[in-house]
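Beneath this line is the structure, given in structure tokens, with notes to follow.
The values are calculated or read from the model by the stated rules, or taken from the named source; none is laboratory data. This structure is a prediction, so every number in the text was calculated from the model and none was measured. All Cβ positions, glycine included, derive from the backbone under ideal geometry; neighbour counts span all protein chains shown.
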Amino acid sequence: MKVSEKKLLHIGYNRTCNCKPTNINCMSPKDWLKSQLGVWQFNYEKRDIRDKQAHPATFPISLAKKIIELFTHEGELVLDPFVGSGTTLVAAHDSNRNAVGFDLQEKYIELSRSRLSNGVFFNTSSQIAVQDDARNIHQYFEDETISLIWTSPPYANLLNRERKNKSRRFRNNEQLGKIEQYSQDERDLGTMSLDEYTRVMGDIYESLLPLLKPKGHCVINVPDMWWENQRITIHVSLIQELRARGYELRNIIIWDRTNLVNRIGIFGWPSNYITMGVTFEYLLDFWRPPK
């Protein structure tokens with residue numbers, strides 16, 4: 001698509017810091033060292049949304065902030081193709097990065113904008129929430145203007161079922177028996193089978209690749225899940241698909257969630273050993289290969 005045919009957003013994407021041209025971020029040596037560990041932990045803060053009635057799959061601001069600060073400079077542009085509750089935009093605001101988040105659902109765009117309006121930290125960056133299909137994102141940006149694509153996408157149709165986990169039966173969290181899905185919109189990736197989901201994710205990310213700067217990173221947060229006593233390896237499917245679409249896998253980081261999970265049930269005991277899928281997730285770090 002020609003630039004003239006695009007509905008371009010007017011938002012900054014160039015560095016505003018004084019870092020050396022070869023630096024990939026503005027981090028201090030101490031913060032850089034902490035980021036070399038392959039297992040990360042995070043905590044929630046008061047601004048985080050943990051109410052699953054508001055959104056079924058949120059992540060801490062501290063997680064988004066670390067990803068953003070690791071792979072961008074101040075003033076550069078971050079894209080979240082599935083912005084959900086707007087955590088990426090909040091973290092970008094805190095970090096003085098420009099950011100745009102997209103979502104199909106109006107209620108999530110309104111939630112994102114509401115969270116941004118409550119911010120008290122002033123800086124020179126802008127954050128925008130746009131209601132549109134992720135398949136259309138390439139219409140909003142010029143090529144090679146995005147420094148980081150970061151998101152936690154829908155997990156195929158694996159949330160589109162009643163919650164029956166044993167660990168939930170004695171919790172007073174109103175989750176047992178609920179269908180924790182984003183929507184039933186047929187365009188929503190959360191309604192698709194794993195094979196269809198993987199193909200559509202590939203289509204979306206292939207359309208985003210020209211927007212990403214060479215050596216710009218693309219980080220995707222996904223778990224694996226159990227479905228009818230089988231391990232569904234979402235992270236393997238996405239690695240294979242994005243490699244086929246032109247991305248290069250750089251790192252796999254484990255998000256250790258044990259400090260955030262309470263009252264773990266004894267899954268499978270005493271006859272069927274399975275790991276606790278709720279206690280860790282994957283951070284898949286790709287980049288656009290240099291020219």
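Name the single residue that is nearest to ASN23 (Cα to Cα) among those in the range 208-226 being out of contact with any Phe, Trp or Tyr (no Cβ under 6 Å at 6 or more places or on another chain) and in a strand (DSSP E or B).
That would be GLY216.
Which residues, taken from the range 94-117, are under 23 Å from GLY75 (Cα atoms), in contact (Cβ under 8 Å) with a residue 60 or more places away in the chain and in a loop (DSSP other than H, G, I, E, B)?
Answer for the range 94-117, where residues must be under 23 Å from GLY75 (Cα atoms), in contact (Cβ under 8 Å) with a residue 60 or more places away in the chain and in a loop (DSSP other than H, G, I, E, B): just ASN96.
What are the pairs with Cβ atoms under 6 angstrom where one residue, in the range 136-150, is over 24 Å from ILE24 (Cα atoms) and the other, located anywhere, is among the aromatic types (Phe, Trp, Tyr)? Sequence gap at least six, or different chains.
Partner pairs satisfying both residue conditions: ILE137/PHE102.
Among the residues of the range 80-93, count how many are assigned to a helix (DSSP H, G or I) and either among the basic types (Lys, Arg) or within 15 Å of ILE11 (Cα to Cα) (or both). Steps first, please.
Residues of the range 80-93 that are assigned to a helix (DSSP H, G or I), as a first pass: 87-93.
Within this subset, residues satisfying the condition of being either among the basic types (Lys, Arg) or within 15 Å of ILE11 (Cα to Cα) (or both) are 89, 92-93.
Residues flagged as assigned to a helix (DSSP H, G or I) and either among the basic types (Lys, Arg) or within 15 Å of ILE11 (Cα to Cα) (or both) within the range 80-93 amount to 3.
Which one is nearest to ILE24 (Cα to Cα), of the residues in the range 211-247 that are out of contact with any Leu (no Cβ under 8 Å at 6 or more places or on another chain), of a type outside the set (Ser, Thr, Tyr) and modelled with pLDDT under 95?
Across the range 211-247, the extreme among qualifying residues is PRO223.
I want to confirm something. Restricting to the range 25-41 and keeping residues that are part of a loop (DSSP other than H, G, I, E, B) and in contact with a strand residue (DSSP E or B) (Cβ under 8 Å, 6 or more places away or on another chain), which single residue is surrounded by the most Cβ atoms within 10 Å (Cβ to Cβ)?
Taking the range 25-41 first, the residues part of a loop (DSSP other than H, G, I, E, B) are 25-28, 36-38, 41.
Now narrow it down to the ones that are in contact with a strand residue (DSSP E or B) (Cβ under 8 Å, 6 or more places away or on another chain): 38, 41.
Values: GLY38: 9, GLN41: 15.
Residue satisfying both the conditions and the ranking: GLN41.
Taking the range 200-229 only, how many residues are of a type in the set (A, V, I, L, M, F, W, C) and under 15 Å from the mean Cα position of the chain (by Cα)?
7
Provide a single number: the residues in the range 251-266 that are under 22 Å from HIS217 (Cα atoms) and either touching a helix residue (DSSP H, G or I) at 6+ places or on another chain (Cβ under 8 Å) or surrounded by fewer than 14 Cβ atoms within 10 Å (Cβ to Cβ) (or both).
Total meeting the criteria: 4.
Regarding THR191, is this residue hydroxyl-bearing (Ser, Thr, Tyr) and buried (at least 19 other Cβ atoms within 10 Å of the Cβ)?
yes
Determine which single condition TRP269 fails, assuming it passes every other condition in (1) surrounded by 17 or more Cβ atoms within 10 Å (Cβ to Cβ); (2) among the hydrophobic types (A, V, I, L, M, F, W, C); (3) without any contact (Cβ under 8 Å) to a residue 24 or more places away in the chain.
(1)
Go through the range 74-96 and give me each residue that's buried (at least 24 other Cβ atoms within 10 Å of the Cβ) and over 17 Å from the mean Cα position of the chain (by Cα).
Matches in the range 74-96: GLU76 only.
How many residues, within the range 118-143, are assigned to a loop (DSSP other than H, G, I, E, B), among the charged types (D, E, K, R) and either under 22 Å from PRO154 (Cβ atoms) or at pLDDT below 90 (or both)?
Selection size over the range 118-143: 2.
For the list (1) more than 16 Å from the chain's Cα centre (by Cα); (2) within 27 Å of ILE49 (Cα to Cα); (3) part of a strand (DSSP E or B), I need the number of the one condition that GLY265 fails.
(3)
Between ASP31, ASP48, which is of a type outside the set (Gly, Ala, Ser), at pLDDT below 90 and farther than 25 Å from LEU208 by Cβ?
ASP48
Given the conditions (1) closer than 24 Å to LYS66 by Cα; (2) of a type in the set (Val, Ile, Thr); (3) free of Cβ contacts under 8 Å to residues at least 60 places away in the same chain, report the number of the one that THR233 does not fulfil.
(1)
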